[in-house]
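See below for the structure under consideration.
FYI, it's all coordinate maths here, none of it is from the lab. Given the structure is predicted, the values throughout are model-derived calculations rather than measurements. Backbone-built Cβ (ideal geometry, glycine too); neighbour counts: all protein chains shown.
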Amino acid sequence: MSETVRSFGGAMTVTGSCHLLEAGGRRLLVDCGAFQGSRALFDLNRRTPGFDPASLDAVILTHAHLDHSGRLPVLLRHGYTGPIHALPASRALCEHLLMDAAKIQREDAERDRRHGHTADEPIYVEDDVARTIEQMEPLSYGVPIELAGFRVTPQVAGHIPGSASFLVEAGGRRLVFSGDVGNAGKEILPDPTPCPEADVVFMESTYGDRDHRPYAQTIEEFAQVLRDAQERGGKILVPSFALERTQEVLYTVAHLERDHQISPMPVYVDSPLATKVEDVYDQFPEELSDELRLLRSTGHDPFHPKHLRFTRSVSESKEINASSEAAIIIAGSGMLSGGRILHHLMAHGGEPSTTVMIVGYQPSGGLGRRLIDGDRTVRIMGREVTMRARVVTIGGLSAHADRAELLDWVRPSAPAEVRLIHGEPTAMGHLQQTLAGLGRTATLQPSAVRLPEDGHHDEAGE
Ligand SMILES: [Zn+2]
């Protein structure tokens, strides 16, 4: 029996992951993510997915990041009524992330209407998200499940809690969908399980052309930045995604404190979403690495620096700014495109004692990138601000496997054909050549949807 796989997102670009597997008249969808990065890409989310959602037999979800899960409510709106299978941690994270996405769309539309602008209708609302979560059914790592004639086995991807790669067996053929493969150098999650033997492997290639800075070196740089800032006595502002990067920063600070590499200082997580995500890490300790579970069993909370505070209300958030104490403030958005981090930047960016610590990708043209490039006069929320803060970049905290790790991950699957997905054409081209050099056949999975001209942005999916 032969199968076909068409990609309605996440092919020739890093967002919108959505792969439709058809075999023996049955249809299985792997992920249904949102397109992100530019206005033109985001508008693709408004269209029908390119196939009839009502004709699907089942949906499996590799992980909760919106570029993999963000169009699930759209599927339901277009008539899908069946199950969405995912690890329990993915379900918990999806509930927070999708609700947050629905809320942002609703608030944006309300604000536009208030200002007399024509508002974009939300792509989905909170009720759609609630139905989506209700339709989610649990999977377990390493336990095969029969879904409409497909035998699906999830395995650990080590990218975020609940993240999985899938081995799908149908009609004697073995296919693997990598999802996002985790960065094995990091400590919070287990290393990704290597790709099983397969006929075809659909492999992400976000960092197909790059190797990360070694983790130990990254942590040393991180510690040095905190020590310098502590000496100067100012605020350390960390723009951060609510999921994964915030926990990574908290873990690193707590670890450095335990090792007496820095003295304890106040740490604020000023993000209601990050606070909810944090609970998911506590709820699913089985998702964590052995090392972290051991730490927990000795009574330590790995994500809890000594003086940690979560702020929930806006007034609490304002209080931090009123205080003059030295402190680490972690807030969204990670790309400085909005959110509470902008208020902190307005309040403290003009002080030379402030440090802005960049721990994630900043798109060109964005505020974060301009700060990194040394722009000292920037507009924040419509106001001109002269920046006197020190701006430092900490590389190496990515949640993705780098080039070398992707090769390590896929190696055991020989003699599979590799189809590259979830990457920019340049990164995929490099990876294709590297794989060819190792005697492996790799092709670039074509996109079944027409991507906008500016669809190829240099954003490394987080
Ligand atoms: Zn991801």
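Summing Lys, Arg as +1 and Asp, Glu as -1, what charge do residues with Cβ under 11 Å from the Cβ of VAL449 carry, VAL449 excluded? Write out the running numbers ahead of the final one.
Numbers: positive: ARG6, ARG47, ARG450; negative: none.
That sum, taken over residues with Cβ under 11 Å, equals +3.
Pairs of alpha-carbon atoms within less than 8 angstrom and 6+ residues apart define the contacts here; what relative contact order does the stretch 311-427 have, in percent? Mind showing how you got there, number by number?
Details: 103 pairs, mean separation 25.5, N = 117.
That works out to 22 percent.
Below 13 Å, Cα to Cα, which aspartates and glutamates can LYS318 reach? Residues fewer than 8 away in the same chain don't count.
ASP270
With the contact rule set at Cα under 8 Å and sequence spacing of 6 or more, what percent relative contact order holds for the stretch 1-140? All intermediate terms of the calculation are to be shown ahead of the outcome.
Details: 257 pairs, mean separation 27.7, N = 140.
Relative contact order comes out at 20 percent.
Using a/c under 1.5 as the rounded threshold, could you call the stretch 314-397 rounded, prolate or oblate? The axes a ≥ b ≥ c are square roots of the C-alpha gyration tensor eigenvalues, and prolate needs a/b larger than b/c, oblate otherwise. Show your work: numbers first, answer last.
Numbers: a/c = 1.43, a/b = 1.31, b/c = 1.09.
Verdict is rounded for the stretch 314-397.
Report the Cα centroid-to-centroid distance between the stretch 187-214 and the stretch 265-329 in angstrom, as an integer.
28
List the pair-distance distribution P(r) of the stretch 168-222, using every Cα-Cα distance, as the percent of pairs falling in each 10 Å bin from 0 up to the bin containing the longest distance, rounded to whole percents.
19, 40, 26, 12, 3, 0
Using +1 at the Cβ of each Lys and Arg and -1 at the Cβ of each Asp and Glu in the chain, identify which of SER323, GLY350, PRO138 lies farthest towards the dipole's positive end.
Farthest towards the positive pole: GLY350.
Which value, to two decimals, describes the C-alpha radius of gyration of the chain once divided by 2.2 N^0.38 Å?
0.97
Report the relative contact order of the stretch 234-377, percent, no decimals, based on alpha-carbon pairs under 8 angstrom and at least 6 residues apart.
Numbers: 209 pairs, mean separation 59.9, N = 144.
Reported relative contact order: 42 percent.
Relative to the present Cα-Cα distance, how much length would full extension add between ASP52 and GLU107 at 0.36 nm per residue of separation?
On the way: separation 55, 0.36 × 55 = 19.80 nm, distance 2.98 nm.
That works out to 16.8 nm of additional length.
Ignoring everything except DSSP H segments at least 4 long, calculate the 222 nm mean residue ellipticity for the chain; use -39,500 (n - 2.57) per segment, divide by total residues, nearest 500. All intermediate terms of the calculation are to be shown ahead of the outcome.
Details: 14 runs with 147 residues, N = 462.
Result for the chain: -9500 deg cm²/dmol, rounded to the nearest 500.
Once each part is reduced to its C-alpha centroid, what is the distance from the stretch 353-424 to the stretch 87-132 in angstrom?
Here the two parts' Cα centres lie 26 Å apart.
With Cβ to Cβ distances under 12 Å as the rule, what net charge do the other residues near HIS85 carry (K, R +1; D, E -1)? If you can, show how the numbers build up before the last one.
Values: positive: ARG91; negative: ASP31, ASP57, GLU137, GLU146.
So the environment of HIS85 carries a net charge of -3.
What number comes out for the charge environment of ALA148, summing +1 per Lys or Arg and -1 per Asp or Glu over other residues with Cβ under 12 Å away?
Values: positive: ARG26, ARG27, ARG151; negative: GLU22, ASP57, GLU146.
Within the 12 Å Cβ shell, the charges total 0.
Of LYS186/LYS276; LYS235/LYS276; LYS103/LYS235, which sit over 28 Å apart, Cα to Cα?
With Cα atoms farther than 28 Å apart: LYS103/LYS235.
Within the chain, what percent of beta bridges assigned by DSSP are antiparallel, to the nearest 5?
On the way: 29 of 66 bridges.
That works out to approximately 45 percent antiparallel.
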